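Structure record follows, encoded as structure tokens.
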Amino acid sequence: MMMTQHGTDPEFRPLGVDGILVRFSKVLTDQANAAALAFRDVVQQQGLDGVTEVASSLTSIRVVFDPAVTNRAVLQTQLQDLVHEHATDTPAAKRLWHIPVAFGPAHAPQLGEAAKLAGATEAQAIADLTDQTMRVIAIGFAPGQPYLGMLPAHWDIPRQTTLTERLPRGALITAVRQLIIWAAEAPTGWRHIGQTAFDVYRPDADQPFAFAPGDTVRFVHVPDNEMADLLATADADGGARCEVLQ
């Protein structure tokens, strides 16, 4: 049976006139995100009549239907049946991105502050950020912008109480055990702890979003001068390498 981290079935809620929200938890956990991603894949693979879109968020999925083909009651029954027929194992990642990031003073102005809040030295913080594989747990807020998780528990640090007026595109930022690669120059309350040259949104490409939920990411520490060179090129991948896993 597909269940939340609390051991109960997910919630089903109406979402607009043509949607159903399937929510696995009101609180973000790795288990709830894994369940949402796994169930998104299940629904997409089923090809249910009338379903026009399936999209995941941090702990839920939205299933959109064509009212001329099906209705909410029929579709919800089908979704509930699928919940009980399929497991919640984390879906195997299809791609692993290896992305260069600089943590020097020129590119990580708030690394020291974030590390202190996490109870770590800057060197320990960099090790935390580069020694593990992160999962794209959701895309949102700006086109193609990935939320990556989950960092170790000591990285459950709050957002700032004030906004940073502008961060550069490709900035690596953190709060509440998550990382984001910033999609465009914009203000934020999250802390700037590194810099990539990676474009997450590529409007002229066949696939405008570089990432998909469930992709995995490893960050590769590079010196400031190497990042300066990467930022000076027109390469949207910013020196990153994509490894196809399946």
Query raised in the report: Just wondering, is there one or more residues in segment 220-228 that are open to solvent by less than 50 Å² (accessible area, probe 1.4 Å) and closer than 23 Å to Arg40 by Cα?
Result: no
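Can you name the residue in segment 179-199 that is farther than 23 Å from Leu28 by Cα and part of a loop (DSSP other than H, G, I, E, B) and, of all such residues, is most open to solvent (accessible area, probe 1.4 Å)?
Among residues in segment 179-199 that are farther than 23 Å from Leu28 by Cα and part of a loop (DSSP other than H, G, I, E, B), the one most open to solvent (accessible area, probe 1.4 Å) is Glu185.
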Report summary line: Restricting attention to segment 33-53, the residues that are over 13 Å from Gly214 (Cα atoms) and within 16 Å of the chain's Cα centre (by Cα) number exactly 0
Query raised in the report: Do we find that Asp235 is part of a loop (DSSP other than H, G, I, E, B), open to solvent by 40 Å² or more (accessible area, probe 1.4 Å) and free of Cβ contacts under 8 Å to residues at least 60 places away in the same chain in this structure?
Result: yes
Query raised in the report: Can Leu151 be described as buried (at least 19 other Cβ atoms within 10 Å of the Cβ), without any contact (Cβ under 8 Å) to a residue 40 or more places away in the chain and closer than 30 Å to Phe39 by Cα?
Result: yes
Query - Odd one out for Ala73 among (1) buried (at least 19 other Cβ atoms within 10 Å of the Cβ); (2) more than 19 Å from the chain's Cα centre (by Cα) - result: (1)
**Report entry** Qualifying residues in segment 10-69 (those that are among the small types (Gly, Ala, Ser) and open to solvent by 30 Å² or more (accessible area, probe 1.4 Å)) - the one farthest from Thr90 (Cα to Cα)
**Finding:** Ala68
Report task. For residues that are without any contact (Cβ under 8 Å) to a residue 40 or more places away in the chain and charged (D, E, K, R), scanning just segment 86-138, find the one that is most open to solvent (accessible area, probe 1.4 Å). Result -> Lys116
Report task. Answer yes if at least one residue in segment 209-217 is over 18 Å from the mean Cα position of the chain (by Cα) and open to solvent by 10 Å² or more (accessible area, probe 1.4 Å), and no otherwise. Result -> no
Query raised in the report: Any residue at all in segment 160-178 that is assigned to a helix (DSSP H, G or I) and touching a strand residue (DSSP E or B) at 6+ places or on another chain (Cβ under 6 Å)?
Result: no
Query raised in the report: When segment 11-42 is examined, which residues are found to be in contact with an Asp or Glu (Cβ under 7 Å, 6 or more places away or on another chain) and assigned to a helix (DSSP H, G or I)?
Result: Ala38
Report summary line: Of the residues in segment 236-246 that are more than 18 Å from Gly194 (Cβ to Cβ) and of a type outside the set (A, V, I, L, M), the one that is modelled with the lowest pLDDT is Gln246
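The values are calculated or read from the model by the stated rules, or taken from the named source; none is laboratory data. Here the structure is a predicted model, which is why all the values come from computation and not from measurement. No Cβ is skipped: glycine too gets one built from the backbone with ideal geometry, and neighbour counts run over all protein chains shown. When the accessible area is computed, the model is the full protein with side chains, heavy atoms only, and any ligands, DNA or RNA have been set aside. Shrake-Rupley method; radii C 1.70, N 1.55, O 1.52, S 1.80 Å.
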